[in-house]
Amino acid sequence: MSGFAADLKPILRLFLAERRRALLLGAALSAATVTAGIALLGLSGWFITATSLAGLSAAVAITFDVFAPSAGIRLLAIVRTVARYGERLATHDATLGVLAALRERLFRGFAEPSAARALAHRPARLLFRLTADIDALDSLYLRILVPAAVAIGAALAASLVLGLIHPLFGLCFGLFLAGAGLGLPLIAGRAARKHARQRAHGIEALRSRTIDLVAGQTDLLMAGRLAAQSKAIAAADRYAARADDRLNRVETRLTFGFGLVSTVLLTASLLAVAVLAETKVITAPVAALGLLVAFAAVEPFAALRRGALELGRTLLAARRIAPRLAVAAAPEALVAPLPGCAFSLAKVSALHENSAVPALQGIELALAQGEHLAIIGSSGAGKSSLLAVLAGELPARTGSVAAMATTLLTQRTELFEDSLRGNLCLANPSASEACLREALAAAGLLADIEAMPGGIDTPLGEGGLGLSGGQSRRLALARLFLRDTPLWLLDEPTEGLDGVTARDVLSRLSAMAAGRSLVIATHIRREAMIADRIVVIDGGRITEISRRGEAAFEKALDRLRPD
């Protein structure tokens, strides 16, 4: 249970921080609705019984006050209606507001460098966390917390009313109702927890595999895996259906249990008020009031049935979301290097999240302002990790890092379903029209953009659909040019481009990088040739540093892939 509390704590804290008043108002209105319902039913039973008995005697009928009880019934009916309407507005508005805040906080958590790198391998996970898991958390307030609090309040109120009729009757009723009414949902919740988790995993697998089928059907067909992917989708569907069936069985047993407890409780209450009325301890109208109060007090506990079945799914969502909701400490800005130096690394070691193998070990490296540096090595040698340390995205475990303000151009060109202008303005939201056009011209893309019907406001599809690979890379290059930082970090900037386009991109890059410091991680000869120095990295360690004009520099170039 301590683990559950730890998972729910950041979510509950966010609930209260975002909509504390609305959440408490919704709970109060829900309690008012139930209380008014219990009072309305009890008073109506008392009034009907008392009125019928008063009609048996003319003297009593003349003196019997029908106005005060009828006015009370009308008042309670109005209070119940208004409270129910207000409760629906308040609870749902508060819940939707909190879920929106959860999505924003979760998105910010997944935007952190370590999380972003992990999600790049499984992008569907972010979608499921932002949709299915967040939606699962609406049960926490609407179907678990509020119904449980209202049910306990109803039990206490009914126990107090029945205690005024007879203390032992009220005590026994309250204890039995609270014990059985809360015990059954807890037992059912425990039984359903595993099946609810299985259903959530099954639905996530079903969605993920379906997305893979739709998005990658051409690749699957070419690889002869289309039928296998369809079978995998059917298997996930069967898995989720089996979990649904088990949840339905748990719900059936819980419904039967509630019916049995209600029958036992109401039968016992009927016998109790009958005995009390027979012994003249209470009158018949009071007996009717007590019986109907007992009947009404049982109803709020039935609302816990849905929450019990959703408990496992809610806890699973909380466990998966909670780690990203914690407000991470803002990363410390990198220390500014000494004058005339673009960056300096002293005995730097770094480790990726959830990895036991160091990505970098004992790195000693410095770069002068205006100098261009190429980092070469085999895949996994540590080139991208070194760039991530310089960009401040991968913290150094040991050693010291000092670097000027940087801009990192990664291997992948990240474009969004927006206009060309919108994709450009990600680099510099305040850039003027002239600045945007200058950056496009410097990247060699302005003529292509002007030829488009919408010009710079031409909309792009998902992932930059509408541009060729070369145009997409040039657009990313234009974004780089819009970032006025003294140090540029490039991770294989021309990978995947044809030779002519790649050489044009590199020549434009070299022209724009004049006076700036440049670091290129590469395994292509044409990219390394614009460097003043070449660093060879292997296994996270620097094994060789050579300068242009040295034999080792030409030897390092010869080891690279030709243009």
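Values in this text are rule-based calculations from the coordinates and carry no lab data. Just so we're clear, the structure is a prediction, and the values are computed from it rather than from any experiment. Every residue, glycine as well, gets a Cβ built from its backbone with ideal geometry; the counts of neighbours run over all protein chains shown.
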(request) Would you give the gap between the C-alpha center of the stretch 166-221 and the C-alpha center of the stretch 447-489, rounded to a whole Å? (result) 47 Å
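If you rank E492, E310 by fewest surrounding Cβ atoms within 10 Å, what's the result?
Exposure proxy ranking, most exposed first: E492, E310.
Report D for the stretch 171-251 in µm² per second (integer): Stokes-Einstein, Kirkwood Rh on Cα pairs, 20 °C, 1.002 mPa s.
142 µm²/s
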(request) At q = 0.16, 0.18, 0.21 Å⁻¹, work out log10 I(q)/I(0) for the stretch 475-563 with the Debye formula, treating every Cα as an identical point scatterer and leaving solvent out; two decimals please. (result) -0.67, -0.85, -1.11
(message) Below 8 Å between Cα atoms, with a sequence gap of 6+, how large is the relative contact order for the chain in percent?
(response) 15 percent
(message) Less than 24 Å apart at the alpha-carbon level, and either on another chain or at least 8 residues along: which lysines does that give for K347?
(response) K383
(request) Among V293, V261, rank each residue by its count of other Cβ atoms within 10 Å, from fewest to most, as a rough exposure measure. (result) V261, V293
(request) Find the percent of Cα-Cα distances in the chain that exceed 46 Å, and round it to a whole number. (result) 40 percent
(request) Indicate, rounded to the nearest 5 percent, the antiparallel portion of the DSSP beta bridges found entirely in the chain. (result) 50 percent
(request) Using just the helices of the chain, give the 222 nm mean residue ellipticity in deg cm²/dmol: DSSP H runs with n ≥ 4 each add -39,500 (n - 2.57), and the total is spread over all residues, rounded to 500. (result) -21500 deg cm²/dmol
(request) Subtract the Cα-Cα distance of L271 and T252 from 0.36 nm times their separation in residues, and report this length gain in nm to one decimal. (result) 4.0 nm
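Contact order normalised by length for the stretch 341-558, with contacts defined as Cα pairs under 8 Å and 6 or more residues apart; what percent is it?
It comes to 29 percent, rounded to a whole number.
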(request) Work out, step by step, the length gained on full extension between T81 and A223: first 0.36 nm times the residue separation, then minus their alpha carbon distance; give nm to one decimal. (result) 44.9 nm
(message) Under 16 Å from a point placed 7 Å out from the Cα of V335 along the Cα-to-Cβ direction: which residues of the stretch 343-381 have their backbone N that close?
(response) 343-349, 363-367
(message) Net charge around I456, counting only other residues with Cβ within less than 10 Å of its Cβ (Lys, Arg = +1; Asp, Glu = -1)?
(response) -1
(request) Restricting things to alpha carbons, find the Rg to Rh ratio for the stretch 341-558 using the Kirkwood radius for Rh. (result) 0.99
(request) Give, in nm to one decimal, the length gained when the segment between L426 and L465 is fully stretched (0.36 nm per residue of separation minus the Cα-Cα distance). (result) 12.3 nm
